[in-house]
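The values are calculated or read from the model by the stated rules, or taken from the named source; none is laboratory data. Only a predicted model underlies this, so the values are computations on that prediction, with no experimental measurement involved. Positions of Cβ are backbone-derived with ideal geometry, glycine not excepted, and every protein chain shown enters the neighbour counts.
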Amino acid sequence: MSPGAPTDRVTLARLALIDALDGDPEAQAVEICLLPIDASVQCTGTLVAAARSAAARGAHAESARWWVEAARRTPDRDEQRRLFEGAAAATFLAGRPDQLAAVLDELLAEALPEQAARWIALRLLADLDHADPLGRMGEIDAIAVRVAASDTEAADALRITAAFALVLAGHCEQAVRVADELRATGRELPLAARLIADGIDVVVGRTGAGELIRANGDRQFAAEALIEPTLPIAPTALHIAWLGEPERALRALSEHRAGLEASAAPSPLAFTLAQEGVVLQQLGRWSEALAAFERAASLADTGALGAVLAPIRVRHAHLLALLGRVEEMEAVLADPAVRRVAAMPLSRHTIESSRGIVALAAGDVAVAYARFTEAARLERVMGTAEPAFLPSVGDRFEAAWRLAREHEVADDLEAFAQRARRLDRTAQLAVALRCRALADGDDGAFAESERLHEASAHPFEHARTLLAWGRSLRRRRRRQDARDRLAEAAERFDALGARSWCDAVAQERVACGERPAGGAVAGPLASLTPRELEVVALVADGASNADVAARLVLSRRTAEYHLGNAYRKLGVSSRAGLFAALASAHADTTRPPGSSSGHEVPESARRSDIS
């Protein structure tokens, strides 16, 4: 027997087994891949059938494998390129970035310009979790010009994908330039591409933007369009929510999600789930929004690309910030995938806004103001002007007002209000009115703001307006009116699950003369007024006099007056003495709300500003 005979017999036996498995291309493919390549070049058609069979049942990773194996077994370069194209699409849907990069490199090595256009577009989206698309725009422009000479459709697809990638990274002005150049050609674009271009106009606040989205944004697209990676559909539904129709947006996203689940495409499904989360958050359905974000994140285990998941995680962190779940928020932001995108303008803006809202709810208004000021700078860098697109101005104005620096935000507030009015953004106009009412102590403006909230779907901002109104009334010594507004704000925040904002309302209610929840204060603290209790609680937690004044919306002199009264009643003359007096009280029943439960005098208690 010759040395090669056993191998020949094994090969013949396996070929016989492959024949016996006729009708089950995926089982045949497994056996084909065990054959030497030179013995299986005639099996390319079976491997292609296996790839299509796997894709039909949503097994995109297996489908990609069979496409690649088929490509390796064909000597024809054109046919090989076609097979690698199938592998690239399947690998994207499977969420395998390393494999996708290898397949795309194979395709790009010998691709004609019009073929390269599609693969570069796909690479742009796949690399969004670690590479800023702005750095590749020169290359993309040059390729698009060359491709347009022979295939305008391929050139247009590359440009619109590049514009979409720029928006996702936060380079909105550059995205507008690309979309405008594309529209200037006068060529008829596919509907999905026109929806993306209209969405870019919405983001930058162009007058008249969104008309195409209003008319077609919830259109039922075929599954092939929903999973086409270079023409994502989901953002158009989110834009419908920005345009004032969140319930309609939610219906469209739900229908898109159903189609994607049937296609078993984890990356587009994760993206759609995240858009659902954003709309549910706007509607005040925060537990459902949280579930949507968490499910989107879990799709990493089933193959969703990091380029899709990282921005989703950033938005997830923003919801956790609103809920007051700070440790969970920071854990999400510490994720390596999130840290890779943290320098991109859009992600950085959301991160600054998230940490700013945490600080604002906690009363750390100086920190909040700094965070929101940086967010405002990033909005200018990005070129976003859509009032519904996570604007910082309302939050920044509130922090500035509590620091007596509202004049620094006055121009930005006026510009925001004008945009909200011009674009007919009711919820955002309500926020602008809230800010003006705070500045002027104007109950009429507060009432109009609340009326607009009732006409729009944004429960969190509605509760914020009631809290701001209560603060304003309390500052104007109308305590009973303030209590009424604060009680309603508390109910609304509680319904949302916004626990840090519930705490903020509770602090205001104490300042209005209500006793802290849980019963009367006993011991040496019983002689203190509600305001003195509140000041003492903050000082015990290490706040400086300036911090106390900012958190309680008082002048520094008034804060020092209340602190001095507390010192006198407690028989102490320093922060250290104050802390010792608190430590001697019964731990849970006599400690003022929010104060420390430890007994070691903190460094802040030894500061010199003790008056």
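Descriptive notes on the structure:
- Helices (runs of 4 or more DSSP H) contained entirely in the stretch 86-203, each with at least 2 residues that are touching a His at 6+ places or on another chain (Cβ under 8 Å): 191-203
- Test set (1) under 23 Å from Ser555 (Cβ atoms); (2) part of a helix (DSSP H, G or I) - Ala404 fails condition number: (2)
- Filtering Ala490, Ala463, Ala504 for residues that are under 28 Å from the mean Cα position of the chain (by Cα) and modelled with pLDDT of 95 or more leaves a single hit, Ala463.
- When restricted to residues that are assigned to a helix (DSSP H, G or I) and over 26 Å from Ala457 (Cβ atoms), the stretch 378-400 contains 4.
- Residue selected from the stretch 102-133 under the condition of a type in the set (D, E, K, R) and more than 30 Å from the chain's Cα centre (by Cα), by the criterion nearest to Val145 (Cα to Cα): Glu114
- Across the stretch 149-162, the qualifying residues are those that are touching a residue at least 24 places away in the same chain (Cβ under 8 Å) and more than 25 Å from the chain's Cα centre (by Cα), and the one among them that is surrounded by the most Cβ atoms within 10 Å (Cβ to Cβ) is Leu158.
- Evaluation of Ala504 against the conditions (1) surrounded by 22 or more Cβ atoms within 10 Å (Cβ to Cβ); (2) free of Cβ contacts under 8 Å to residues at least 60 places away in the same chain; (3) closer than 24 Å to Ala549 by Cα shows that the sole unmet condition is (2).
- Residues that are within 16 Å of the chain's Cα centre (by Cα) and not in a helix (DSSP H, G or I) were ranked within the stretch 327-377; the one that is farthest from Arg405 (Cα to Cα) is Asp335.
- Residue among Ala361, Ala375 that is in contact with a Pro (Cβ under 9 Å, 6 or more places away or on another chain) and either closer than 24 Å to Val431 by Cα or not basic (Lys, Arg) (or both): Ala375
- Checked against the criterion of being crowded, with 22+ Cβ neighbours inside 10 Å, more than 20 Å from Leu467 (Cβ to Cβ) and outside the structural domain of Glu62 (by TED's automatic domain parsing), the candidates Pro345, Pro311, Pro336 yield just one match: Pro311.
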